[in-house]
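First the structure, in the form of structure tokens, and then the observations on it.
The values are calculated or read from the model by the stated rules, or taken from the named source; none is laboratory data. Just so you know, these numbers come straight off a predicted model, no measurement behind them. Cβ placement follows ideal geometry from the backbone for every residue including glycine, while neighbour counts extend to all protein chains displayed. Quick note on the areas: whole protein, heavy atoms, side chains included, nothing else; ligands and nucleic acids left out. Shrake-Rupley method; radii C 1.70, N 1.55, O 1.52, S 1.80 Å.
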Amino acid sequence: LEGFHARQLRLSPHVLGHSKAHVGRVVAELVRAAKAQGLQPGPLALSLRGDFVRIGSAYEQHKVRSPDCFDVLVPLRLPPRLQPEARCAASPAPAGAFVCALRAPAGAGWPRRYRTFAEGFCVEPQGRCQLSSALVLRWFQGHLQRCLGAVRYRLQERCRVSLAACPGRAPTLHIRPCSDYVCCHISMAVRLIPAIPLGDALYLTALPPEGPPTASAQEALWGLNASRHEQRLLAWLKEQAPASSCHLKCLQILKGLRDLRGQGLEEPFCSQWGRVLSSYVLKTALFSLLLRGPLEAWDERFLEERLEDLVMYLRDCLRKQALMHFFLGNASLPEAVALPRFLKEATPVNLLAAFDGPTLDLAAFQLLYAWSQAPHLIRTYSRPRSLRPAPTP
């Protein structure tokens, strides 16, 4: 396990640091240009706030294999008085997700003042004016594309940049550094996610599309993003745990074993395997397990024991068909981890609710198989990084 982590999973801090710094500079240029173009938004009243928020495993120290993919939230500025309305338990909210609608005020003054905005970015499911995630995402993609020319000109000595956009998905910024600019010549993909600030470091983001185009009622729903609070929890755990704690290494190794086992599975379960044991599910299980016992037990000497504990905890969750969102309605969090009231009072959400019993039972069986056969999987499917195909952003 130690060798697998060192040779296949662990990232060079030097390379990761250079990649994050380069991504930060390029994204800052693009956001600055987009904000400048939208300083006078006119009747649309939709613009960029001017900052960005780094999220995901690359910024939480548990990314594996290669620092070539990054996630960034880009906060937007909207007209005032749009109110979040929790819809986690109501149709048509997708299973296993906490979602909100952003509802316009019911009074007559707001529709008259922001009529152009409402016509351009709102839908009216069941006769109620609500912000459309699909329309906002379409505007965001076009707005960034229009600003790309100025950024490309300013960055031409450092790197080549391009923007790829798929309908219904956040655009991806591709960065190819020039050979004489940085020592780590890695092409990077940065997912730029438009985000609606709720305050207290909470954001709403568009739900990923699933299957055929969604109805207007689904289009008016937004997913809750609490990445900043996850980063704060990880920082607190780092302070409380031993200096040689292995909790992040356990998460990296489990992600690596999940990927190796996925190479030997056939469809349709192969696709479900990655969704059932998504990185977010694995991280949630780790959070839950860390707060169950003394953090001293996570010293690196006990790597194998703690990793087995994590596998068995996940197995039990899969068999019970329940793994609850770590922050929503969780009353057992430490007092040092302050949560906004919106999260404390939210209805708990089961992250596994979208999957049926047979799928979760099979996932539990394959998880145990991957753990018991870890040496065989590592020998069979591991390849040197230089031979591994580049990941799809």
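Determine, yes or no, whether F342 is touching a strand residue (DSSP E or B) at 6+ places or on another chain (Cβ under 7 Å), part of a helix (DSSP H, G or I) and surrounded by 17 or more Cβ atoms within 10 Å (Cβ to Cβ).
For F342, the condition - touching a strand residue (DSSP E or B) at 6+ places or on another chain (Cβ under 7 Å), part of a helix (DSSP H, G or I) and surrounded by 17 or more Cβ atoms within 10 Å (Cβ to Cβ) - is met.
Quickly run through segment 317-339 and pick out the residues that are assigned to a helix (DSSP H, G or I) and open to solvent by less than 60 Å² (accessible area, probe 1.4 Å).
C317, L318
Please work out which residue is surrounded by the most Cβ atoms within 10 Å (Cβ to Cβ), limiting yourself to segment 5-16 and to residues that are in contact with a Pro (Cβ under 9 Å, 6 or more places away or on another chain) and part of a helix (DSSP H, G or I).
Result: Q8.
Looking only at segment 160-167, decide whether some residue is farther than 24 Å from C100 by Cα, charged (D, E, K, R) and either open to solvent by less than 20 Å² (accessible area, probe 1.4 Å) or in a strand (DSSP E or B) (or both).
Yes, the conditions are met somewhere in segment 160-167.
Considering each residue of segment 26-35, count those that are in contact (Cβ under 8 Å) with a residue 60 or more places away in the chain and either within 22 Å of the chain's Cα centre (by Cα) or open to solvent by 60 Å² or more (accessible area, probe 1.4 Å) (or both), and give that number.
3
For the subset of segment 345-361 comprising residues that are part of a loop (DSSP other than H, G, I, E, B) and among the small types (G, A, S), which member is farthest from R258 (Cα to Cα)?
A346
With respect to the numbered conditions (1) free of Cβ contacts under 8 Å to residues at least 60 places away in the same chain; (2) assigned to a helix (DSSP H, G or I); (3) assigned by the TED database to the domain that holds A34; (4) of a type outside the set (G, A, S), which one is the sole condition not fulfilled by F287?
Failed condition: (3).
Contact list please: Cβ distance under 7 Å, first residue in segment 64-87 and assigned by the TED database to the domain that holds H22, second residue open to solvent by 20 Å² or more (accessible area, probe 1.4 Å) and among the acidic types (D, E), pairs at least six apart or on different chains.
P75/D51
At least 1 residues that are of a type in the set (K, R) and within 15 Å of I196 (Cα to Cα) in each: list the helices (runs of 4 or more DSSP H) lying fully within segment 109-158 that qualify.
Correct list: 133-154.
Given the residues D259, D299, which is the only one that is outside the structural domain of V64 (by the TED database) and over 23 Å from the mean Cα position of the chain (by Cα)?
Going through D259, D299 in turn, just one is outside the structural domain of V64 (by the TED database) and over 23 Å from the mean Cα position of the chain (by Cα): D299.
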